[in-house]
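Worksheet: one structure, shown below.
The values are calculated or read from the model by the stated rules, or taken from the named source; none is laboratory data. Quantities reported herein were computed from a predicted structural model and do not represent experimental measurements. Don't worry about glycine lacking a Cβ; one is built from the backbone with ideal geometry, like all the others, and counts go over all protein chains shown. To get the accessible areas, we keep the full protein, side chains included, count just its heavy atoms, and leave off ligands, DNA and RNA. Shrake-Rupley method; radii C 1.70, N 1.55, O 1.52, S 1.80 Å.
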Amino acid sequence: MRTLSTSECHNMVKTVTVRALKPIRFLLLIPVLASMLMACSTTQLPVTNATRAPSAQEADYFQVRIHTRDGKKLAATVYQPALQAGQSAPLIIATHGFGGFRAKRPLSIYGKAILTGEAAIAAWKAGYWVVFYDQRGWGQSQGRVHMMDPEFEVDDLSKVIDWSLSHLPGISRLADGSPAIGMIGESYGGGLQSLASFTEPRLKALVPLASWHDLNSIAPNGEFRTAWGAVLLGAGGITSGFDIGEMFASPWNSAFDGTISADMAQMMYERSPASYCDKGQAPHADALFIQGFTDTLFPFQEAEKNYDCWRNAGRDARIIGLQSGHAMPWPLQKIRGGVPFFHTDDMVHCGEYEATTVDTIVGWWDEKLRGAESTVPEYCVNITEDRGLAIVDELPAANQFSVPREKVTVPLAGAFEWLMVPFDTGSDIFRAMWPGVDLRELKPNGGFGRPKFIPLYVARGDDELLLGKPRIDLRVAGASGGKSMPMFVGIGVQHANRRRVRVASEQLTPLTEKGIHRLELAAVSQPLKAGDRVGVVVYGFTAQFPLNSAFLARNATVKGDIWLPLTREEDVALVPERPF
């Protein structure tokens, strides 16, 4: 059975339309045109076992439907590479994040603005087969969203691989005879491939973007990121045709009041690579983990924990720390790129290695699926979007500082911080007239209307970095009779000659009760300049957790220790950093 290519199909429709010169003839041809357009929208491919292209084929793309185990149909776009007779090409499976959809054509939102689509299209142009599909319940695929259930979403991926191997002629084989298959996806699609790699041995080279090790990272300390919950609910509702009933069912609906139930925490853990790693199970695929330091949904540590799991299992794993990832709109986070809620750096800067993020991904696939020379470094960190460093083994260690006892008014501290932006900007203009005015003693400020900032260190030179994983050992106390005392902490940076205190990672960690809190905060990657003050910042309210704050004003105190990952750029790739 011969299949019309996309260009042939569209040209035929155009020819028929042009020949319908008279209106009456055109009306008679409407049913014919409708059937032809339907045929163009979905291509039926014959079953083939050919491991090499039986005849020459041009680069093209077309739409298909793939059947799942439970009889649903997944919509997919197949990007066919140009091959000569007898040639073959590796296969890349691509899929989207929560609430997303596939790149139906090269000129599309995903094809031009989302890293998953950009890399998939680049791979196609570099001679790869690419199957980009809508996960069940999203886009044009049938079925209900099951929130990354291994029996549905993960099993669907295996069916996509089955279909690809039986319908696409000329998929390359590796030296051991297995098919050369890579995968890419961001967020929800990143979690899918990481999970599938424990049960699907045909996957060989993964690229999880901005994904999770333990899905409970969306609810640090059991407190659901309710601002992101609203975004995911809204976006998911629109792109799934409001077929998101699972989000309203138990145990997922426990997140609506801000604090997740034990059942939800357990379910999210079971749908995470963490559950497999903790049992000593090994993934089948090598992986290039790409994560953002300012990702306010899945912090950088999620990629690092996956990286450690993969390496402990003997797999080749590499990690790239970008600045961006999941991002809330301004003023909650800095404006980055033109796509709301998700953005990734265009370039990877890693010592002597410098390349576009897309080229880095394709280079990874070339190495793993085509046997090309290894070019992708093991551990890269973008310090800014314009420069970065190569890291040896792990991020630098942190330095301990004592946090004096300070008062915070909950929930007023920081509640109206976004309103202060124009006032801060205006005062900075006058402050800049007196250079060095900010090089004063480290005095805490805020705690009532403004967030409490407790500065602990002043940068001495322009070569210093805040790079690594901060830790806290803080005691929270307060005036209320109960145990509840919700506040949110992070690493604050007040740049020289600036009034505003910025959260280095752009994300805060909730501390829900009185008592001692010993935990790791979100990793940071930020350059410092002489005069910049670094310390701990405490909010009583943050728009990142709008339903998690207290509703009655009360006084609280914090005291303890914090470990700040301070280093100098010249020492990052060496053994210990200089002490401060």
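Going by the structure shown, is Ala550 of a type in the set (A, V, I, L, M), out of contact with any Ser or Thr (no Cβ under 6 Å at 6 or more places or on another chain) and touching a residue at least 60 places away in the same chain (Cβ under 8 Å)?
Numbers: of a type in the set (A, V, I, L, M): yes; out of contact with any Ser or Thr (no Cβ under 6 Å at 6 or more places or on another chain): yes; touching a residue at least 60 places away in the same chain (Cβ under 8 Å): yes.
It is true that Ala550 is of a type in the set (A, V, I, L, M), out of contact with any Ser or Thr (no Cβ under 6 Å at 6 or more places or on another chain) and touching a residue at least 60 places away in the same chain (Cβ under 8 Å).
Tell me, which residue of the stretch 362-384 that is in a loop (DSSP other than H, G, I, E, B) and in contact with a strand residue (DSSP E or B) (Cβ under 7 Å, 6 or more places away or on another chain) is farthest from Leu519 (Cα to Cα)? Don't jump to the end; show me each part of the working.
Going through the stretch 362-384, the residues in a loop (DSSP other than H, G, I, E, B) turn out to be 371-378, 383-384.
Cutting the leftovers down to in contact with a strand residue (DSSP E or B) (Cβ under 7 Å, 6 or more places away or on another chain) gives us 376-378, 383-384.
On the way: Val376: 32, Pro377: 30, Glu378: 27, Ile383: 24, Thr384: 26 Å.
Checked the stretch 362-384; the qualifying residue farthest from Leu519 (Cα to Cα) is Val376.
Looking at Asp359, is it part of a helix (DSSP H, G or I), out of contact with any helix residue (DSSP H, G or I) (no Cβ under 7 Å at 6 or more places or on another chain), over 30 Å from Ala556 (Cβ atoms) and open to solvent by 80 Å² or more (accessible area, probe 1.4 Å)? Break it down stepwise before answering.
Details: part of a helix (DSSP H, G or I): yes; out of contact with any helix residue (DSSP H, G or I) (no Cβ under 7 Å at 6 or more places or on another chain): yes; over 30 Å from Ala556 (Cβ atoms): yes; open to solvent by 80 Å² or more (accessible area, probe 1.4 Å): yes.
The answer is yes for Asp359.
Exactly one condition in (1) part of a loop (DSSP other than H, G, I, E, B); (2) open to solvent by 10 Å² or more (accessible area, probe 1.4 Å) is not met by Val421; state its number.
Failing condition for Val421: (1).
At least 2 residues that are open to solvent by 20 Å² or more (accessible area, probe 1.4 Å) and more than 29 Å from Leu91 (Cα to Cα) in each: list the helices (runs of 4 or more DSSP H) lying fully within the stretch 196-310 that qualify. Spell out how you get there, then give the answer.
Values: elements: 226-239, 245-248, 262-270, 273-278.
Helices (runs of 4 or more DSSP H) meeting the threshold: 226-239, 245-248, 262-270.
Checking Leu547 against (1) in a strand (DSSP E or B); (2) touching a helix residue (DSSP H, G or I) at 6+ places or on another chain (Cβ under 9 Å); (3) surrounded by fewer than 18 Cβ atoms within 10 Å (Cβ to Cβ), which test does it fail?
(1)
Give me the pairs: first residue in the stretch 299-318 and under 19 Å from Ala205 (Cβ atoms), second residue open to solvent by 10 Å² or more (accessible area, probe 1.4 Å) and in a strand (DSSP E or B), beta-carbon distance under 6 Å, and six or more apart or on different chains, which are they?
From the stretch 299-318, the pairs are Arg315/Asp286; Asp316/Asp286.
Kindly check whether there is at least one residue in the stretch 129-148 that is surrounded by fewer than 22 Cβ atoms within 10 Å (Cβ to Cβ), in a helix (DSSP H, G or I), in contact (Cβ under 8 Å) with a residue 12 or more places away in the chain and of a type in the set (A, V, I, L, M, F, W, C).
no
From (1) surrounded by fewer than 19 Cβ atoms within 10 Å (Cβ to Cβ); (2) in contact with a helix residue (DSSP H, G or I) (Cβ under 8 Å, 6 or more places away or on another chain); (3) within 23 Å of Val130 (Cβ to Cβ), pick out the condition that doesn't hold for Gly177.
It fails just one condition, (2).
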